[in-house]
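First the structure, in the form of structure tokens, and then the observations on it.
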Amino acid sequence: MDQAHRNTIFAEDAEVLSQIPHEGGQFILRLSAPKCATNATPGSFAHVACHAELPMRRPLSIMRASPEEGWVEFLYKIVGHGLKYLSQLEPGDRVSILGPIGQGFRLHPEHDCPLMIGGGVGIPPMVFLAESIVRQQAAWTPLVLMGSEIPFPFETRPSTIVVQGIPDGVIAGMPLLDGWGIASRLASGEDFPGCYQGFVTDLAAEWLGAQDQYSLARIEIFACGPTPMLKATAALARRFGVACQLCLEEYMACGVGGCAGCTVLVQTANGPAMKRVCVDGPVFEASAVYPEVS
């Protein structure tokens with residue numbers, strides 16, 4: 001690990017506080033990890049050891065963190081035997097984690113209308129970012145859009161918050177966000193009640209298209225999800241002329257910048273450069289990773 005990232009990542013023997021299963025092989029895992037909870041920022045992740053016999057850890061985006069109570073929470077979907085082992089942990093079990101890792105999202109006061117777009121297991125950073133805005137007690141008007149092709153890992157309900165520019169009938173939202181006073185809307189290709197029928201980026205395009213130039217100048221997009229979704233989001237940002245930060249999803253072997261197995265090409269002030277998603281990211285400016293997307 002290089003000098004810039006020393007003393008910022010903590011190894012903890014975390015206790016499982018809860019493990020809640022959801023449809024589609026999804027789980028919400030809460031761990032007691034005080035150091036990670038105190039230092040986590042939206043967009044950062046932890047590298048989790050899933051089983052004593054598996055040497056490779058798995059990177060999991062942090063969905064929530066409570067510095068006061070010392071816990072961190074993750075949403076993950078079973079993909080492979082490692083996460084299957086992780087899903088079998090029960091309250092009281094111990095698990096080794098390294099975290100928090102990575103450079104998270106950066107909020108800018110001049111963009112006080114954050115548009116957060118999360119797809120699938122890219123939803124967690126959006127929830128964390130929304131909660132950080134609540135904690136700052138900033139007088140902002142954020143909007144969270146989430147997409148999933150399997151049932152959402154929470155009970156969807158009609159949102160009580162009116163959002164201008166959202167198509168009629170698209171009323172399903174995340175109750176947790178509603179409780180925080182943050183508007184949310186859901187999209188899916190499946191026929192889920194109250195959801196936008198289509199890609200979450202298409203829903204974002206409809207909402208952005210309903211904004212005037214003054215409103216667009218106040219918007220910054222924050223997104224996490226599969227690569228096609230991120231490319232579509234970068235294209236949206238370019239089309240509407242708004243700032244945009246993306247949280248990339250890449251396979252990570254070491255997770256701490258040593259193996260360079262997760263490098264991506266990034267445009268910098270000094271020209272193109274290979275950057276490590278784990279510690280140089282996972283958050284990058286959209287224009288830096290997808291400069292030609294349209």
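The values are calculated or read from the model by the stated rules, or taken from the named source; none is laboratory data. The shown structure was predicted, so the numbers you read here are calculated from the model rather than taken from an experiment. Don't worry about glycine lacking a Cβ; one is built from the backbone with ideal geometry, like all the others, and counts go over all protein chains shown.
Quick rundown of the values:
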read-out: Filtered residue count, segment 127-151, keeping only those that are over 24 Å from GLY25 (Cα atoms), of a type in the set (A, V, I, L, M, F, W, C) and in contact (Cβ under 8 Å) with a residue 40 or more places away in the chain; value: 5
read-out: Unmet requirement for CYS247, which otherwise passes all of (1) in contact (Cβ under 8 Å) with a residue 40 or more places away in the chain; (2) more than 16 Å from the chain's Cα centre (by Cα); value: (2)
read-out: Any chance MET146 is touching a Cys at 6+ places or on another chain (Cβ under 7 Å), within 22 Å of ASP202 (Cβ to Cβ) and among the hydrophobic types (A, V, I, L, M, F, W, C); value: no
read-out: Scope segment 87-98; condition among the hydrophobic types (A, V, I, L, M, F, W, C) and either over 12 Å from PHE27 (Cα atoms) or within 20 Å of the chain's Cα centre (by Cα) (or both); matching residues; value: VAL95, ILE97, LEU98
read-out: Of the criteria (1) free of Cβ contacts under 8 Å to residues at least 24 places away in the same chain; (2) over 23 Å from TYR76 (Cβ atoms); (3) not hydrophobic (A, V, I, L, M, F, W, C), which one ASP112 fails; value: (1)
read-out: Every residue from segment 33-59 that is β-branched (Val, Ile, Thr) and either in the same structural domain as GLN136 (by TED's automatic domain parsing) or farther than 20 Å from ILE123 by Cβ (or both); value: THR38
read-out: Failed item in (1) over 21 Å from the mean Cα position of the chain (by Cα); (2) part of a loop (DSSP other than H, G, I, E, B); (3) modelled with pLDDT of 95 or more, with GLU15 passing the rest; value: (2)
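Rundown of residues vs (1) exposed (fewer than 15 other Cβ atoms within 10 Å of the Cβ); (2) more than 20 Å from the chain's Cα centre (by Cα), yes/no style:
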residue	(1), (2)
VAL48	no, no
PRO55	yes, yes
LEU60	no, no
SER66	no, no
TRP71	no, no
TYR85	no, yes
PRO100	no, no
